[in-house]
Amino acid sequence: MLQNEAKVKIQIHVEDEKEDVIVFDNPAIFLGSDFPTYIQTLAKLNRLQDLLKHTSSLTRAKFDDEKLLNFYDEIQFSYPIKLKAITSSKSGIIVMMYRTTIDATTKTIKINVIVENDTCRIYFDKLNHQAPFMGM
């Protein structure tokens with residue numbers, strides 16, 4: 001090697017490929033809409049098993065799967081909903097309030113959501129087929 005010859009180091013930086021991570025833990029932004037609208041779509045399409053998958057473990061512990069499937073099969077959830085407010089409690093329940101019109105009456109309903117394992121899940125304290133969501 002000649003004395004005047006310079007050593008050249010070439011560094012090549014290769015960026016790690018990053019995977020896009022889809023997050024399902026925000027009930028206000030869920031698959032291009034909001035979580036209750038997604039649940040409403042599943043109900044309209046009668047996708048009962050998918051509804052069951054998106055039901056909180058607390059609800060599933062309180063009511064068996066057969067009772068929940070019957071509940072989902074019988075509820076009427078095809079009315080229009082418009083998100084008005086979101087609040088959360090210390091217990092981890094996210095209350096989503098929607099304005100809706102049911103039988104020509106405008107009302108506000110509350111839909112309870114819990115985030116479990118980074119995924120939104122619907123929460124029911126009691127099952128009422130005629131009024132599945134709390135009204136105000």
- Of those in the stretch 126-136 that are out of contact with any helix residue (DSSP H, G or I) (no Cβ under 8 Å at 6 or more places or on another chain) and surrounded by 11 or more Cβ atoms within 10 Å (Cβ to Cβ), the residue nearest to Tyr38 (Cα to Cα) is Phe133
- Message: Name the single residue that is nearest to the chain's Cα centre (by Cα) among those in the stretch 93-117 being of a type outside the set (Ser, Thr, Tyr) and surrounded by fewer than 11 Cβ atoms within 10 Å (Cβ to Cβ).
- Response: Asn117
- Query: Looking at the stretch 57-73, which of the residues that are closer than 19 Å to Ala131 by Cα, out of contact with any helix residue (DSSP H, G or I) (no Cβ under 8 Å at 6 or more places or on another chain) and not charged (D, E, K, R) is surrounded by the fewest Cβ atoms within 10 Å (Cβ to Cβ)?
  - Reply: Asn70
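Sort out which residues of the stretch 111-136 are assigned to a loop (DSSP other than H, G, I, E, B) and farther than 23 Å from Asn70 by Cα, and write them in order of number. Outline the logic, then answer.
Just the residues of the stretch 111-136 that are assigned to a loop (DSSP other than H, G, I, E, B), to begin with: 117-118, 123-133, 136.
Within the stretch 111-136, Asn117, Asp118, Met136 qualify.
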- How many residues does the stretch 64-110 contain that are part of a helix (DSSP H, G or I) and in contact with a strand residue (DSSP E or B) (Cβ under 8 Å, 6 or more places away or on another chain)? 1
- Residues that are under 11 Å from Ile114 (Cβ atoms) and of a type in the set (A, V, I, L, M, F, W, C), drawn from the stretch 48-63: Leu58
- Item | the stretch 101-130, residues that are touching an Asp or Glu at 6+ places or on another chain (Cβ under 9 Å) and β-branched (Val, Ile, Thr) | Val115, Thr119
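Does the stretch 112-121 hold any residues that are of a type in the set (Val, Ile, Thr) and modelled with pLDDT of 90 or more, and which are they? Outline the logic, then answer.
Of the stretch 112-121, the ones of a type in the set (Val, Ile, Thr) are 113-115, 119.
Of everything in the stretch 112-121, those that are of a type in the set (Val, Ile, Thr) and modelled with pLDDT of 90 or more turn out to be Val113, Ile114.
The values are calculated or read from the model by the stated rules, or taken from the named source; none is laboratory data. The structure presented is a predicted model; accordingly, all values stated were derived computationally and were not measured. Neighbour counts are summed over all protein chains in view; Cβ atoms, including those assigned to glycine, are modelled from backbone coordinates with ideal geometry.
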